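A.B. asks: Please read through the structure below; I'll follow up with questions.
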Amino acid sequence: MTNIKVIVAGPRGKMGSEALRMIKKHDDLTLVACLDMENDGLKVNEVPGLPDFNATIYTDIDTCFQAVEADVLIDLTAPEVGYQHTKAAIEYGIRPVVGTTGFTKEQLQELTDLAEEKQIGAVIAPNFAIGAVLMMEFSKWAAKYFPDVEIIEKHHDQKLDAPSGTAVKTAELIRQERTSKVQGHPNEKETIEGARGADYDGMRIHSLRLPGLVAHQEVIFGGPGENLTIKHDSFHRESFMSGIKFSIDHVMKLDVLVYGLENLLE
Ligand code: NAP
């Protein structure tokens, strides 16, 4: 069995700590280091609440990537730092598997070009839950027949970016199939700004942020006399881990950046 050496960025976070637990369950993965904002030089098992790993925590990207031999970086942090980590990983020949959301189109293009130039595999996926990927694919299919669509995404109130990466990705996929149109009444007027949500090519995206939520999305299609709702719920962050493991296995065979888990699934 090949052993894959992994660095996790964001180990104290909700997703990062779940990724550490996922690594514990797989004999073919070895945690070799973590990148964090604090606890420089400590071992993972010296940080209260983290699983029992002997790997060292680094706060500086270059020091970490120079000190440690690694195959894959799992990044589950925040948009700006996640972008810096991903770029540095590609430059150091470490394959990034990135769940961090909120990268700009320009950043994604730059990372795609860099991975191609360095011939390094990379996976960036706004949603690693297999059910969410299917929800996006079914929505793309439905958009062929229902050009009127609104997206409601709901997340916990600690999420930094809005709309969610999944909502943006869903809208992008729908746009590929949908005849472009501005929805709603041509004279509609917001009496409170933002009431109709974000406008993406004429379709509306609404972002809810509440304690108690994890990650949920409804894509609602409207036609004469009927509605179709395609809905996905992640109730626990464990739902993202099988997609992350799948991506780690696949990124080892890639020499380009793949954006979206659906592009890795058969
Ligand atoms: P979180 O709990 O806030 O965790 C983020 C972690 O990153 C925190 O521990 C934070 O440290 C750390 N961090 C911030 N800046 C850092 C830096 N400079 N270096 C190293 N670590 C740094 O957030 P989360 O819910 O785990 O989500 C993390 C990311 O994953 C978000 O972008 C979220 O949207 C995304 N996400 C993706 C998926 C998917 O399937 N792709 C699913 C869920 C979430 P502090 O605690 O000290 O701030």
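The values are calculated or read from the model by the stated rules, or taken from the named source; none is laboratory data. Predicted model only: the values in this text are computed from it and were never measured. Reconstructed Cβ throughout: ideal geometry from the backbone, glycine too, with neighbour counts over all protein chains shown. The accessibility values were calculated without ligands, DNA or RNA, using every heavy atom of the protein model including side chains. Shrake-Rupley method; radii C 1.70, N 1.55, O 1.52, S 1.80 Å.
A.B. asks: Mind giving me the FRET efficiency for Asp27 and Asn54? R0 is 22 Å, r the Cβ-Cβ distance, nearest 0.05 is fine.
C.D. replies: 0.85
A.B. asks: Note the angle between two axes, namely the Cα long axis of helix 130-143 and the longest principal axis of the Cα atoms of the chain, as a number of degrees from 0 to 90, rounded to the nearest 10.
C.D. replies: So the helix axis and the longest Cα principal axis differ by about 30 degrees.
A.B. asks: Hey, another quick one. State, to one decimal in nm, how far the label point of His236 lies from the label point of Lys105, with both points 7 Å from Cα in the Cβ direction.
C.D. replies: Output for this residue pair reads 3.9 nm.
A.B. asks: Let me ask something else about it. Using a/c under 1.5 as the rounded threshold, could you call the range 1-67 rounded, prolate or oblate? The axes a ≥ b ≥ c are square roots of the C-alpha gyration tensor eigenvalues, and prolate needs a/b larger than b/c, oblate otherwise.
C.D. replies: Verdict is oblate for the range 1-67.
A.B. asks: To continue, here is another question. Over the range 145-259, how many pairs of lysines fall under 25 Å by alpha carbon, counting only those 8 or more apart in sequence or from different chains?
C.D. replies: 16
A.B. asks: Calculate the spin-label point distance for Asp157 paired with Trp141, positioning each point 7 Å from the Cα along the beta-carbon direction, and give it in nanometres.
C.D. replies: Between Trp141 and Asp157, the label points sit 3.8 nm apart.
A.B. asks: Packing-wise, with mean Cβ within 10 Å as the measure, how do 120-131, 15-26, 35-46 rank, highest first?
C.D. replies: 120-131, 15-26, 35-46
A.B. asks: Compute the distance in nm between two label points, each set 7 Å from the Cα along the Cα-to-Cβ direction, one at Leu42 and one at Leu210.
C.D. replies: Taking the simple label geometry, Leu42 and Leu210 are separated by 3.5 nm.
A.B. asks: Where does each of Lys189, Lys231 land when they are ordered by accessible area, with a 1.4 Å probe and the largest first?
C.D. replies: Output order, biggest surface exposure first: Lys189, Lys231.
A.B. asks: Further, regarding this structure: Over the range 159-266, what percent of the accessible surface lies on carbon and sulfur atoms, probe 1.4 Å?
C.D. replies: The nonpolar share, carbon plus sulfur, comes to 53 percent.
A.B. asks: Which residues among the range 9-24 fall inside the zone where the amide N is under 19 Å from a point 7 Å beyond the Cα of Thr63, along Cα→Cβ?
C.D. replies: 9-12
A.B. asks: Which percent of the accessible area of the range 27-111 is formed by carbon and sulfur heavy atoms (probe 1.4 angstrom)?
C.D. replies: Roughly 45 percent of what the probe reaches on the range 27-111 is carbon or sulfur.
A.B. asks: With r as the distance between the Cβ atoms of Lys118 and Glu226 and R0 = 51 Å, compute the FRET efficiency 1/(1 + (r/R0)^6) and round to 0.05.
C.D. replies: 0.55
A.B. asks: How many Å² of accessible area per residue for the range 1-149, probe 1.4 Å?
C.D. replies: 45
A.B. asks: Related question: Show me the chymotrypsin sites (Phe, Trp or Tyr not before Pro) within the range 180-259 that DSSP assigns to loop and that have at most 10 other Cβ atoms within 10 Å of their Cβ.
C.D. replies: Listed in order of number, the matching sites are Phe235.
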